[in-house]
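Written out below as structure tokens is the structure these notes cover.
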Amino acid sequence: MIKRPLSDRSFRWTLIVTTYVFLLIYGVVLIQWYRLSPAIAWADSAVHLLLLAFAVLLIHHNLSYYRPGKGRYVFVISYSTVLTGLWLAAATCQLKYFFHLDTVYAQWLNQSLPVHFIIGWLVITGMGLRSLAFYDMVEQREDLARKETSERLSREAELYKLRQQLQPHFLFNSLNSINALIAIRPQEAREMVLRLSDFLRGTLRREDQQWILLPEELQYLQWYLDIEKVRFGHRLSTEVVAQAGTDTLLMPPMLLQPVVENAIKYGLYDTTDAITITIKAWVQDNMLYVQVQNPYDSALQQPHRGTGFGLSSIRRRLYLLFARQDLLETSCDDLIFTTLIKVPQPHDKSNNN
């Protein structure tokens, strides 16, 4: 919101102090150089400077409401010229009315009209151009702030949508597994329902958080793994290693679940063997590294299975948060598929939860 001149305290005081200083200087010059009487000199100085201050305030105020799109400089110069003429006419008429009997002063006043006009025009035009540039800059800042706010809201909406899209896929799989276990292993089905309840409660608690500590994310991931272990039994085992110094590091919530889900999908679905998924976390150069590894055999994989949403959603979330495309890396070597996530740490960790 553009500040109006009268509501801008710094502008008011600057105008008042500047007017007072120049009133004193001009009055002294009239007395010392032009040998005018003190009464006439101070009256002349007060009338000219006070009306000039009003003219400066008027052009500054008017430009806060109206600035033409085209020919703005011609407009400011023309407006300043008219305003200067009105200022000089008003000041001259008032002074001649009060000192009409002093012919010497009246003659001096007439002779000084061109000088007064030039000085007044320079002052008013200078303020007009300065105001034009100032208000244009303020509008640009406001436009930029609105654009940044709009982009931030759009980014937050997309991040929220990406998080929400992860849950139905996992939930449907879990419900299908529960349905399959009810008839043959009811106790395990009941256990899975309880674990799913813990998982969903943790999801709701993290819904409005942009950052969480790594131990919280690993706890959330453990709830997910407990559900999957009920589904796959002894075939699924995990190894989680978090090096010292990582317990205070932050990361976006629910970032690891789709990676581990992807590891389970491509590690277990096409084999009857038991697998171990390894999750490691460490810190380097103020950046959190999280690595997920799972066995992978391309010869056993069904072609074109799945949509690839898990890893692409993570890549998109990391880009929206950090504007970097190099924070997610994948590789396959010796039948081990590796996913590496790099999370830069925010500068102010106290205001991120």
*Spatially near lysine pairs across the chain, Cα under 21 Å, sequence gap of 8 or more or different chains*: 6
_Of (i) 6, 30, 38, 22, 4, 0; (ii) 5, 20, 27, 24, 16, 6, 1, 0; (iii) 4, 18, 19, 11, 7, 8, 9, 10, 7, 5, 2, 0, the label for P(r) over Cα pairs in 10 Å bins from 0, in percent derived from the coordinates_ = (iii)
*In degrees from 0 to 90, rounded to the nearest 10, what is the angle of the helix 257-268 Cα long axis to the longest principal axis of the chain?*
30
*Just reorder Glu261, Glu191, Glu151 by solvent-accessible area, largest first, 1.4 Å probe, all chains present.*
Glu151, Glu191, Glu261
*asked:* For the chain, what does the accessible surface come to per residue with a 1.4 Å probe? Please give it in Å².
replied: 57
*Go ahead and set up a Gaussian network model of the chain, Cα springs under 10 Å, then flag whichever of Thr248, Thr14, Thr271 fluctuates most.*
Thr14
_Solvent-accessible area of Arg67, probe 1.4 Å, all protein chains present, reported in Å² to the nearest ten, please._
40
*How much of the accessible area of the chain, in percent, comes from carbon and sulfur atoms when a 1.4 Å probe is used?*
61
*For the chain, what is the percent of antiparallel DSSP beta bridges, rounded to the nearest 5?*
75
*Per residue of the chain, what 222 nm ellipticity follows from adding -39500 (n - 2.57) for every DSSP H run with n ≥ 4, rounded to the nearest 500?*
-22500 deg cm²/dmol
_Choice from Arg185, Arg317, Arg195 with maximal GNM fluctuation in the chain (Cα, 10 Å cutoff)_ = Arg185
*asked:* With a 1.4 Å probe and all protein chains kept in place, how much accessible area does His100 have, in Å² rounded to the nearest 10?
replied: 120
*List Trp33, Trp13, Trp42, Trp108, ordered by accessible area with a 1.4 Å probe, largest first*: Trp33, Trp13, Trp42, Trp108
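The values are calculated or read from the model by the stated rules, or taken from the named source; none is laboratory data. Owing to the predicted nature of the structure, the values given are computational and were not obtained by experimental measurement. Accessible surface areas use protein heavy atoms only, side chains included; no ligands, DNA or RNA. Shrake-Rupley method; radii C 1.70, N 1.55, O 1.52, S 1.80 Å.
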